[in-house]
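Note sheet for the following structure.
The values are calculated or read from the model by the stated rules, or taken from the named source; none is laboratory data. Only a predicted model underlies this, so the values are computations on that prediction, with no experimental measurement involved. Heads up, the Cβs are rebuilt from the backbone with ideal geometry, glycines too, and the neighbour counts pull from every protein chain shown. SASA here: full protein model, heavy atoms, side chains in, ligands and nucleic acids out. Shrake-Rupley method; radii C 1.70, N 1.55, O 1.52, S 1.80 Å.
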Amino acid sequence: MIRNGISILALAALTVTPLTPATAAPAGHPASTRPAAQQKALTPADADAFVARVEKEFYAFNLEANRVAWIQNTYINDDSNYLASAYGARGTEMAVAYALEAAKYQKVKGLSYDTKRKLDILRTAITLPAPTRAGAAGILSDISTRLGAAYGMGKGTLRGKPINGSDIEAEMGTNRNPAELQEMWVSWHDNVGAPMREDFARMVGIANEGAVELGFSDVGSMWRSGYDMPPEEFAALTDKLWDQVKPLYEALHTYVRNKLNEKYGSSVQDASGPIRADLLGNMWAQEWGNIYDIVAPPGSGDLGYDIGDLLKAQNYDHIRMVKTGENFYSSLGFAPLPDTFWTRSQFVKPADREVVCHASAWDLDDKDDLRIKMCIKVNADDFVTIHHELGHNYYQRAYKDLSLLYRNGANDGFHEAIGDFVALSITPDYLVQIGLMQQSMVPSEDKDTGLLLRQAMDKVAFLPFGLLIDKWRWQVFSGQIKPEHYESSWNALRLQYQGIVPPVPRGEDKFDPGAKYHVANSVPYTRYFLARLLQFQFYKAACDQAGWKGPLHRCSFFGNKEVGARLDAMLKMGASKPWPDALEAFTGSREISGEALMEYFAPLKKWLDEQNAGKPKGW
Ligand SMILES: [Zn+2]
């Protein structure tokens with residue numbers, strides 16, 4: 001997770017509570033319908049001045065808002081909550097006002113490249129725009145707050161007893177009783193999703209009006225406009241990417257279905273057709289790593305080492321873990337983290353107060369005040385997470401000298417992919433290089449299947465889910481999916497892309513999409529699909545630059561300054577240029593592609609095909 005320098009845009013994306021737009025448009029009279037006499041012709045110089053003012057105001061606001069957010073995250077009490085909420089509302093108000101004003105300059109002739117690009121950034125910065133007609137912003141704000149709260153307070157049941165969201169999620173990962181899994185799945189979707197149905201439909205209608213005022217055909221089209229290409233082209237690109245990786249997903253699906261059939265029998269999971277959604281170790285069947293024990297191949301399934309054990313054996317503490325992460329980036333040529341990083345970060349959970357433990361990376365002043373906020377435990381997950389969070393920090397520092405609206409990732413998939421691609425380089429050989437593992441412990445190549453399958457259960461299983469959430473919402477916002485088909489269309493996409501079915505039939509009185517956080521809270525999702533592909537693309541580029549010759553998944557580019565220099569060239573560009581330019585700076589290619597992911601998992605694909613031979617494929 002990332003806390004950006006331009007956090008007020010991020011805040012606006014999360015909490016859509018537009019207050020009175022600061023543009024002079026009186027309620028009920030959107031700017032575009034005001035009498036012509038009141039409109040004076042706008043010039044490129046006006047647009048330049050507007051952008052300059054926005055960047056100055058945003059920056060001043062951020063300096064305070066970031067600190068308020070930091071305090072609230074690391075010291076939760078009534079007062080810090082009050083301040084964070086007040087700053088959040090103010091930030092959203094500013095973002096909405098700026099988006100509306102930016103839309104007015106959009107058609108001015110003769111705009112400079114930078115001004116045009118920054119106006120587009122401002123116009124697409126709000127996730128759910130409210131229209132300017134009287135009362136609409138309040139209604140939209142109420143609805144989205146209600147949906148978010150309903151999700152946050154949602155409960156399912158287990159053995160008839162209520163169970164909250166985080167507990168039910170954990171239980172879905174470890175419970176192997178099909179009746180209890182079904183109970184948890186059905187109760188969660190019934191209790192959380194179904195009641196949201198009407199509110200969601202109203203929200204779609206109101207936000208669409210707002211998108212039209214900002215110059216978009218609908219909200220989905222607005223979301224797709226953040227990718228430096230026409231919205232239709234971006235949708236086609238995601239289809240193309242899915243086609244590239246689909247054969248691997250289908251092979252994994254077939255293999256996992258057979259293992260589930262072996263474990264549970266045909267009365268629970270048939271050996272052909274779709275997979276029952278509640279059997280995959282995750283409430284949304286989005287990542288399947290939790291059931292690795294069910295699918296692990298005999299022999300190579302046991303990976304032979306655990307990073308957490310290695311860290312403990314050498315008495316690593318949280319500081320040494322973070323230093324090890326920093327050392328990776330230093331080995332690529334990045335400057336050490338500033339002293340304040342070490343004194344101001346939150347590395348461990350304080351004993352005496354409530355904090356947000358969910359890991360995040362912060363940039364407080366767009367200068368050098370970088371921090372991470374974690375509750376580090378000495379284990380493998382947190383070791384990987386540290387590398388991930390530091391990726392955000394190095395990105396933030398690389399683009400700090402750009403003007404404010406450019407201090408961001410090249411697109412929203414890039415920021416998450418940086419740390420993940422570096423984490424892919426934590427291979428057994430790398431662990432030997434830094435003295436964490438002895439050479440004799442490096443797993444032999446016959447263990448590769450287990451290593452790759454464990455990775456694929458999360459990273460490959462996620463791909464169709466990462467795609468379909470917004471496929472569904474894009475069609476909902478465009479009106480292609482009508483409210484009376486919300487549930488059936490959702491299940492049709494789940495079947496088409498993921499090859500899964502609900503454990504029980506679902507009628508149109510349900511609303512299963514709402515049982516997913518990002519739908520209830522209106523967070524766009526395609527970024528996660530892109531990040532999954534980009535991280536492998538970055539990884540392959542780095543390994544090629546490092547002259548790696550072996551199988552891709554064994555490569556580590558630790559210590560390679562040339563890779564660091566090329567990576568830095570991309571990071572430094574921030575959001576100042578279309579993302580294909582940034583991609584090209586590091587990888588040499590302007591095309592996002594699933595090929596690197598396919599190459600990484602090629603040995604696994606071959607193995608899966610052998611396991612699946614003679615068995616029914618697809619669903
Ligand atoms: Zn992140």
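A compact table of results
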quantity: Relative contact order %, the chain, counting alpha carbon pairs below 8 Å whose residues are six or more apart; calculated: 20
quantity: Cα gyration tensor category, rounded, prolate or oblate, for region 489-619 with a/c compared to 1.5; calculated: oblate
quantity: Distance from region 194-238 to region 118-180 (C-alpha centre basis), Å; calculated: 18
quantity: Solvent exposure ordering (accessible area, 1.4 Å, most first) of Glu209, Glu262; calculated: Glu262, Glu209
quantity: Cα gyration tensor shape of region 338-436, rounded if a/c is under 1.5, else prolate or oblate by comparing a/b with b/c; calculated: oblate
quantity: Rounded to the nearest 20 debye, dipole of the chain from Cβ charges on Lys, Arg, Asp, Glu; calculated: 700
quantity: Stretchable slack from Gln480 to Ala45, in nm (0.36 nm times residue separation minus alpha-carbon distance); calculated: 152.5 nm
quantity: Trp548 accessible area, assembled protein chains, probe 1.4 Å, Å²; calculated: 90
quantity: Carbon/sulfur fraction of accessible area - region 513-597, other protein chains in place, 1.4 Å, %; calculated: 52
quantity: Per residue accessible area in Å² of the chain, where ligands, DNA and RNA are left out and the probe is 1.4 Å; calculated: 39
quantity: Cα gyration tensor category, rounded, prolate or oblate, for region 227-319 with a/c compared to 1.5; calculated: oblate
quantity: Probe 1.4 Å - accessible area at His189, Å² to nearest ten; calculated: 0
quantity: Whichever lysines have a C-alpha closer than 23 Å to that of Lys400, once near sequence neighbours (fewer than 8 apart) are set aside; calculated: Lys56, Lys116, Lys118, Lys323, Lys367, Lys373, Lys561, Lys572, Lys577
quantity: Normalised contact order of region 134-286, rounded percent, pairs of Cα under 8 Å and 6 or more residues apart; calculated: 23
quantity: Accessible heavy-atom area order of Arg371, Arg257, Arg320, highest first, probe of 1.4 Å; calculated: Arg320, Arg371, Arg257
quantity: Heavy-atom SASA rank of Cys357, Cys543 (probe 1.4 Å, accessible area, largest first); calculated: Cys357, Cys543
quantity: Cα-based reach from Lys263 at 29 Å (exclusive), listing lysines while leaving out same-chain residues under 8 positions away; calculated: Lys155, Lys161, Lys246, Lys447, Lys459, Lys516, Lys605, Lys606, Lys615, Lys617
quantity: Surface accessible to a 1.4 Å probe, Leu534 within the full protein complex, Å²; calculated: 0
quantity: Within the accessible area of region 154-283 (1.4 Å probe), percent carbon and sulfur; calculated: 49
quantity: Cysteines without a disulfide-compatible neighbour (Cβ-Cβ under 4.7 Å), the chain; calculated: none
